[in-house]
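Chemist: Sharing a structure, written as structure tokens. Questions coming.
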Amino acid sequence: MKSFLPRRALGAGLACVLVVATAIPSAFARSAPDSFADLAEKTLPAVVNISTTQTIDRSAGPDRPQFPPGSPFEEFFKDFFDRQRPDNGPRKATSLGSGFVIDKSGIIVTNNHVIDGADEIVVRFHDDTSLPAELIGTDEKTDVAVLRVKTDKPLPAELPIGDSSKARVGDWIIAIGNPFGLGGSVTAGIISARQRDINSGPYDAFIQTDAAINKGNSGGPLINMDGEVIGINTAIYSPSGGSVGIGFAVPTSIAENVISQLREFGETRRGWLGVHIQTVTDEIAQSLDLKEARGALVANVTEDGPAEKGGIKAGDIILEFDGKPVEKMRALPRLVAETPVGKQTDVLVWRKGKEETLTVSLGRLEAQEMQSAKTGSSKTGPASAAIDELGLGLSGLDDALRQKYEIPAEVNGVLITKVDPDGNAAEKQLQEGDVIVEVNQDAVASPDDVAAKIAAAVDAGKESVLLLVNRSGERRFVVVSVKAG
């Protein structure tokens, strides 16, 4: 069970919550069930305990200090470390977790971190029967793993996968697992929040619950009142590893597709768009004449990737993907990953003040991750200028400047050679060595190009300009004021 972040005071708001609750009309209140016994009785037989064994190399302990060969210190520390580890042979380490049956033929779901690195996996059922398990597939990005046990007869119970997108904050749920190795234990609570991002992976959208989840509960199911799994218990917010009423579960809206792919292929096959994106701030939205800050701003497009082939450009704001709205930047990677590889997908973008729909054929993320980056070449002529509105000194790029600032050949634009510490650009942390690639979504190749774009913005009554800047290979958009300080 993962633990992170410090404990927060929980008691201070209790009286306020009770006061507010009494003011809610009874027509909107839903009473707690008289008992969870029927639900627990129906679901417990499908929940399993998982134990793993891993071989640990004893010799992989603390590194001993390094001294010149033949030094008396070398022999001294060798004897010391050998005494600390008299048995340098391998040893067995065990760990415990939880899981649940989704198919009576022997298919079991758990967390990836429960079985990661295991040499042996043993599943113990509610009736104390134990069976060895084989690993079908894992996905580190969502912390999901699928196991199979071989059995001569169908397993006694299985749990149906429910739709977590229908779960609401305040709904009753139960969590079942193997806390601290005690065996099948049931705890109850409510859904405290949805779509939680705890920075554990690229597709975070956790269900938060106050049902007690402890070490060993990892991989167990979060079950709604219909007996359906709506989440896989994965992490807790705790300073000690014990429950403080803040637990997180991978929602089935994310896990179900991963489970299906692992069962069918033994691996994931995620869609890949080929863009680097950033958050659309209020400043960026205003500079691009977008009424509200929403969507995902394309900072860079991968060469020969699906997005480039489909006509998506740096500076576009992706508003919808495959008919689904992109309310926030972090929603886009999840939408893309869940879309089948090769699908012809409509992408609605905001470009130069209006909406435009493009069609993209998605690639496969896993294949792209295995490829090395490509390089190209280009030539630009040297020139220089000062842009007082921004507080910048600029220059064109030549071979000497590329070498001095370690700028790759494929990066084109205008080099920042000086930053006025009291200027508008300095407020946005622009630095010497940055390369301005675009101004207001138009490519620039010389300081004169930048000066012309700035002048046009000022003449049009604009208070700021949108710069696309390359720094050490990473592209990002920056809004810089053109008003006098």
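The values are calculated or read from the model by the stated rules, or taken from the named source; none is laboratory data. All figures in this text were calculated on a predicted structure; none of them were measured in a lab. Counting neighbours? That spans all protein chains shown, and the Cβs are built from the backbone with ideal geometry, glycine included.
Chemist: Could you count how many residues in segment 299-352 are within 18 Å of LEU288 (Cβ to Cβ), part of a strand (DSSP E or B) and over 21 Å from the mean Cα position of the chain (by Cα)?
Modeler: 5
Chemist: Among the residues of segment 406-432, which ones are closer than 14 Å to ARG471 by Cβ, out of contact with any strand residue (DSSP E or B) (no Cβ under 7 Å at 6 or more places or on another chain) and not acidic (Asp, Glu)?
Modeler: PRO408, GLN429
Chemist: Among the numbered conditions (1) surrounded by fewer than 17 Cβ atoms within 10 Å (Cβ to Cβ); (2) within 30 Å of ASP282 (Cβ to Cβ), tell me where GLU406 comes up short.
Modeler: (2)
Chemist: Another question, then. Sort out which residues of segment 158-179 are without any contact (Cβ under 8 Å) to a residue 60 or more places away in the chain and out of contact with any strand residue (DSSP E or B) (no Cβ under 6 Å at 6 or more places or on another chain), and write them in order of number.
Modeler: LYS166, ARG168
Chemist: Here is a further query. Here is a check on your reading of the model: is LEU262 within 18 Å of LYS141 (Cβ to Cβ), modelled with pLDDT of 95 or more and either out of contact with any Pro (no Cβ under 7 Å at 6 or more places or on another chain) or in the same structural domain as VAL439 (by TED's automatic domain parsing) (or both)?
Modeler: yes
Chemist: Right, next: Which condition does ALA249 not pass, out of (1) in a helix (DSSP H, G or I); (2) touching a residue at least 40 places away in the same chain (Cβ under 8 Å), if it passes all the others?
Modeler: (1)
Chemist: Check VAL419 against each of (1) at pLDDT 85 or above; (2) closer than 23 Å to ALA285 by Cβ and name the one condition it does not meet.
Modeler: VAL419 satisfies every listed condition except (2).
Chemist: Has segment 195-206 got at least one residue that is among the polar types (S, T, N, Q), over 24 Å from SER51 (Cα atoms) and at pLDDT 95 or above?
Modeler: No, segment 195-206 contains no residue that is among the polar types (S, T, N, Q), over 24 Å from SER51 (Cα atoms) and at pLDDT 95 or above.
Chemist: Among the numbered conditions (1) at negative phi; (2) free of Cβ contacts under 8 Å to residues at least 24 places away in the same chain; (3) not assigned by TED's automatic domain parsing to the domain that holds THR339, tell me where GLU292 comes up short.
Modeler: Failing condition for GLU292: (3).
Chemist: Moving on to the next point. Among the acidic types (Asp, Glu) and under 26 Å from ILE207 (Cβ atoms): does that describe GLU264?
Modeler: yes
Chemist: Working carefully through the options SER192, SER218, find the one that is out of contact with any helix residue (DSSP H, G or I) (no Cβ under 6 Å at 6 or more places or on another chain) and either more than 28 Å from ALA307 (Cα to Cα) or at pLDDT below 95 (or both).
Modeler: Answer to the check: SER192.
Chemist: Going through ASN233, ASN257 one at a time, which residue ends up being polar (S, T, N, Q), under 23 Å from the mean Cα position of the chain (by Cα) and closer than 23 Å to LEU332 by Cβ?
Modeler: ASN257
Chemist: Being modelled with pLDDT of 95 or more, assigned by TED's automatic domain parsing to the domain that holds ASN233 and within 22 Å of the chain's Cα centre (by Cα) narrows it down to one of VAL114, VAL144, so name that one.
Modeler: After ruling out the rest, the residue left standing is VAL144.
The rows are residues; the columns are (1) charged (D, E, K, R); (2) closer than 28 Å to PRO202 by Cβ.
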{"site": "ASP128", "(1), (2)": "yes, no"}
{"site": "LEU131", "(1), (2)": "no, no"}
{"site": "THR142", "(1), (2)": "no, yes"}
{"site": "ALA145", "(1), (2)": "no, yes"}
{"site": "LYS150", "(1), (2)": "yes, no"}
{"site": "GLY177", "(1), (2)": "no, yes"}
{"site": "PHE180", "(1), (2)": "no, no"}
{"site": "GLY183", "(1), (2)": "no, no"}
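Chemist: Tell me, which residue of segment 180-195 that is under 27 Å from the mean Cα position of the chain (by Cα) and touching a residue at least 40 places away in the same chain (Cβ under 8 Å) is nearest to ILE223 (Cα to Cα)?
Modeler: Across segment 180-195, the extreme among qualifying residues is GLY189.
Chemist: Within segment 200-246, which residues are aromatic (Phe, Trp, Tyr) and part of a loop (DSSP other than H, G, I, E, B)?
Modeler: Within segment 200-246, TYR203 is the sole residue that qualifies.
Chemist: Can you work out which of the residues in segment 136-147 that are surrounded by 17 or more Cβ atoms within 10 Å (Cβ to Cβ) and not β-branched (Val, Ile, Thr) is farthest from PRO333 (Cα to Cα)?
Modeler: LEU147
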